[in-house]
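For reference, the structure discussed in these notes is given below.
The values are calculated or read from the model by the stated rules, or taken from the named source; none is laboratory data. Please read these numbers as outputs of a predicted model, since none were measured by experiment. Positions of Cβ are backbone-derived with ideal geometry, glycine not excepted, and every protein chain shown enters the neighbour counts.
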Amino acid sequence: MNCDKQINSTFETFFRDVPMQKDVQITIVGKVFKPNKRKVLALNIALDEYLRLVKWYLQFNSTSKKFLHENGYELARKYFDLNTALIQTARDKAIEILKSFNELKKRGTVKSKKPILKRISIRFDKRCYSFSKTTNVLTPYWLTLSLNRRERISLPIIFGERQKQRIEDAFNGVWSFIIVEMVKRNGEWYAHFILTKTVEFTDKPETVIAIDRGEVNLAVAVAISKKNPEKPMKGQFWRGSEIKRIRGLYHHIRRNLQRKGRIGKVKELRGKERRKVNQMLHIIANQIVAYAKQFSKPIIVMENLNGIRRNFKKSKKLNRRFHSLPFRKLQAYIEYKANLEGIEVRYLTKEETKNTSKTCHRCGYVARVKGRLFKCPKCGMEYNRDLNACINIAYALTRRMGWGSCESPEPADVTEGVKPQANAGSPIRKGGVVHLRLYLRCLRAA
Ligand SMILES: [Zn+2]
């Protein structure tokens with residue numbers, strides 16, 4: 001292998017397309033605290049009007065801002081009693097709704113011809129809201145909204161402790177305010193503040209953290225230090241068994257309900273399942289980011305999962321169990337949370353992804369893998385299969401960055417170098433009983 005040439009070309013690609021900074025966003029939710037009747041009424045009227053307007057824009061069946069502006073704006077001003085800034089955010093919302101509807105339609109997940117809109121939140125941009133801190137005793141945070149051409153209302157907002165910290169950071173300039181979404185839920189009003197900041201990534205990472213999905217585990221992580229790239233550190237597994245169990249259970253319940261023709265119930269359960277799984281994925285993503293943060297100047301690398309479903313076509317059961325393991329969603333959460341902490345996330349190219357699971361990380365030999373252990377027929381290394389693949393992913397990035405040499409790494413000592421440790425149990429333990437009860441209830445209901 002021509003060592004220098006390879007390093008140089010990959011070295012360049014690494015630095016050419018690296019964004020050194022990135023804009024990240026967070027949403028902080030505050031509650032409108034005991035608004036008086038007049039204000040609630042004004043909000044409710046504005047919400048009805050806004051929903052009507054978004055539906056009206058949807059009738060144009062266009063995702064072009066220009067088209068909607070030219071053909072709709074003047075009429076909208078005439079027919080809808082809303083602030084002009086709100087007329088524009090309603091238009092943008094209609095475009096977003098139509099776009100995601102078209103996307104779903106392409107994938108065949110919706111049957112209706114047009115998007116059906118039941119609820120909406122009102123989006124206020126900088127032109128139609130202001131948020132300030134006062135000396136008011138009830139709450140210092142007051143949100144002023146321009147609803148229409150005549151009416152402005154001021155609302156007291158309260159936050160939970162963590163949210164308050166972020167809002168204070170925003171007042172101190174760490175975050176900037178962009179949008180406020182006014183959301184009505186169960187008769188109460190909430191203000192969703194969307195904040196943004198630019199994070200700077202280090203241009204000299206010192207630790208590469210590879211995160212991979214496993215055949216056995218939901219996720220695997222390993223760290224490679226620039227000082228000693230031959231020695232992979234702290235392999236860790238997240239089994240995801242709780243997620244597997246929930247998915248299996250819900251699958252079973254849904255099948256039973258389907259047979260009995262309870263389609264509505266099936267849909268409801270799907271939402272429930274998704275929320276439970278997402279909650280667990282968030283916890284795991286937090287743990288993974290915490291894992292990365294223990295190392296100096298970390299950078300995360302993951303496989304690009306586009307097109308992964310084609311990779312395994314085994315039994316139907318296996319498909320459901322593994323594949324549907326929502327690793328892609330986990331990746332998105334990891335990227336988001338890591339970026340918030342100023343940690344950059346990189347993905348491997350298709351070429352680099354090739355054979356990561358079949359290659360011996362020590363000698364580079366490509367072998368057939370069977371069972372849970374990777375056994376290299378060339379150098380005799382025996383290694384945890386998921387961890388071996390994960391190390392290969394890390395090496396793909398260290399190669400790109402020109403770390404270490406092209407010579408085969410030192411024999412990695414499994415017992416010393418990498419201590420595979422399961423994470424501290426699944427995040428939610430008591431689920432079992434609850435789910436069993438749910439299961440029984442659903443069957444009875446059917
Ligand atoms: Zn080998």
(request) Tally the residues that are outside any loop (DSSP other than H, G, I, E, B) and within 14 Å of the ligand (Cβ to nearest atom), restricting the search to segment 346-361. (result) 1
(request) Considering only segment 181-205, state which residues are surrounded by fewer than 18 Cβ atoms within 10 Å (Cβ to Cβ), more than 22 Å from the chain's Cα centre (by Cα) and in a strand (DSSP E or B). (result) Lys184, Arg185, Glu188, Tyr190
(request) Keeping to segment 224-242, report how many residues are crowded, with 24+ Cβ neighbours inside 10 Å and among the aliphatic types (A, V, I, L, M). (result) 1
(request) For segment 390-399, state whether one or more residues are more than 9 Å from the ligand (Cβ to nearest atom), under 11 Å from Ala210 (Cβ atoms) and modelled with pLDDT under 85. (result) no
(message) Of the conditions (1) under 23 Å from the mean Cα position of the chain (by Cα); (2) crowded, with 17+ Cβ neighbours inside 10 Å; (3) part of a loop (DSSP other than H, G, I, E, B), Val24 satisfies every one except a single condition; which number is it?
(response) (3)
(request) Could you list all residues from segment 191-225 that are more than 30 Å from Glu168 (Cα to Cα) and touching a Gly at 6+ places or on another chain (Cβ under 6 Å)? (result) Leu218, Val220, Val222
(request) Just give me the residues in segment 107-139 being more than 31 Å from the chain's Cα centre (by Cα) and within 21 Å of Val183 (Cα to Cα), in sequence order. (result) Thr139
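Being part of a loop (DSSP other than H, G, I, E, B) and surrounded by 11 or more Cβ atoms within 10 Å (Cβ to Cβ) is the filter; apply it to segment 362-376 and report the residue that is farthest from the ligand (Cβ to nearest atom).
First, pick out the residues of segment 362-376 that are part of a loop (DSSP other than H, G, I, E, B): 362-365, 367-372, 376.
Among the residues that remain, those that are also surrounded by 11 or more Cβ atoms within 10 Å (Cβ to Cβ) are: 362-365, 367, 369, 372, 376.
Details: Arg362: 5, Cys363: 3, Gly364: 7, Tyr365: 5, Ala367: 8, Val369: 12, Arg372: 17, Cys376: 3 Å.
This residue is Arg372.
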(message) Asn83 - would you say it is more than 32 Å from the chain's Cα centre (by Cα) and buried (at least 18 other Cβ atoms within 10 Å of the Cβ)?
(response) yes
(request) Identify the single condition in (1) in contact (Cβ under 8 Å) with a residue 40 or more places away in the chain; (2) more than 19 Å from Val289 (Cβ to Cβ) that Lys234 does not satisfy, given that it satisfies every other one. (result) (2)
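Quick grid of which residues meet (1) free of Cβ contacts under 8 Å to residues at least 40 places away in the same chain; (2) over 30 Å from Leu305 (Cβ atoms); (3) among the polar types (S, T, N, Q):
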| residue | (1), (2), (3) |
| --- | --- |
| Thr144 | yes, yes, yes |
| Arg150 | yes, yes, no |
| Gly173 | yes, yes, no |
| Glu200 | no, no, no |
| Ala210 | no, no, no |
